Amino acid sequence: MDEFTSVMAVGTGWVAILMPVLLVWVIFYYSTKSDKDKYAAMVSISKNLENPSDVEDLLENFKDKKKPIDYRRNGVIAMFVGFGLFLFGSITGPNILMGVGALVGTIGVGSLIAGYIYPNESSEINKAVDSFEKK
C-alpha cells in the first residue's frame, strides 16, 4: 500500500503540473480546427460563385466583427460579484473573503465609472464630439 501512495503522490503532482498545458492545447486545437472549417467553407462557396461582388459580400460576412467593450455592464457585474463575495465572507466567517469581495467590488465601481467617462457607442461619441466642438 505504501508504493501505491507514493505513485499516487507523484502522479498527482504530474497531473497538476501538466493540466494547464493540456487545457491550452485543447483550446488551440479546437480554435484552429474551427478556423480551418470556416475557411474551407468559404473556399467551397466562393468556387460556386461567378459574380465578384458576391465573393466580396461573402468575405464581409465571414469577417469577425468586434464589439466594443461595455465597461458599464462589466462594472455592474464585477460590483455585484464583489458584493456577493463580501456577504459570503461576512456570513461564513473568513475575513479574507470580505477583503477580496471589497477589492472586486471597487474594481467594478471603477469599471462602471470608466464606462461613463469613455463612451463606446458611436452615438455617445458623436454627442461628446459635438459638445466639445460647441465649446
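For this structure, a couple of remarks:
- Within segment 14-44, the set of residues being among the aliphatic types (A, V, I, L, M) and either more than 30 Å from D54 (Cα to Cα) or in contact with a Gly (Cβ under 7 Å, 6 or more places away or on another chain) (or both) comprises V15, A16, I17, L18, M19, V21, L22, L23, V24, V26, I27.
- When we screen L18, L59, L23, L49 for residues that are modelled with pLDDT of 85 or more, of a type in the set (A, V, I, L, M, F, W, C), over 30 Å from I107 (Cα atoms) and not assigned by TED's automatic domain parsing to the domain that holds V109, the only hit is L18.
- Any hit, segment 82-93, residues being at pLDDT below 80 and part of a helix (DSSP H, G or I): no
- Look at (1) within 18 Å of the chain's Cα centre (by Cα); (2) at pLDDT 90 or above; (3) not charged (D, E, K, R) and you find that Y71 fails only one, number (2).
The values are calculated or read from the model by the stated rules, or taken from the named source; none is laboratory data. Keep in mind it's a predicted model, so treat the numbers as computed, not measured. With ideal geometry, Cβ positions are generated from the backbone for all residues, glycine too; neighbour counts draw on all protein chains shown.
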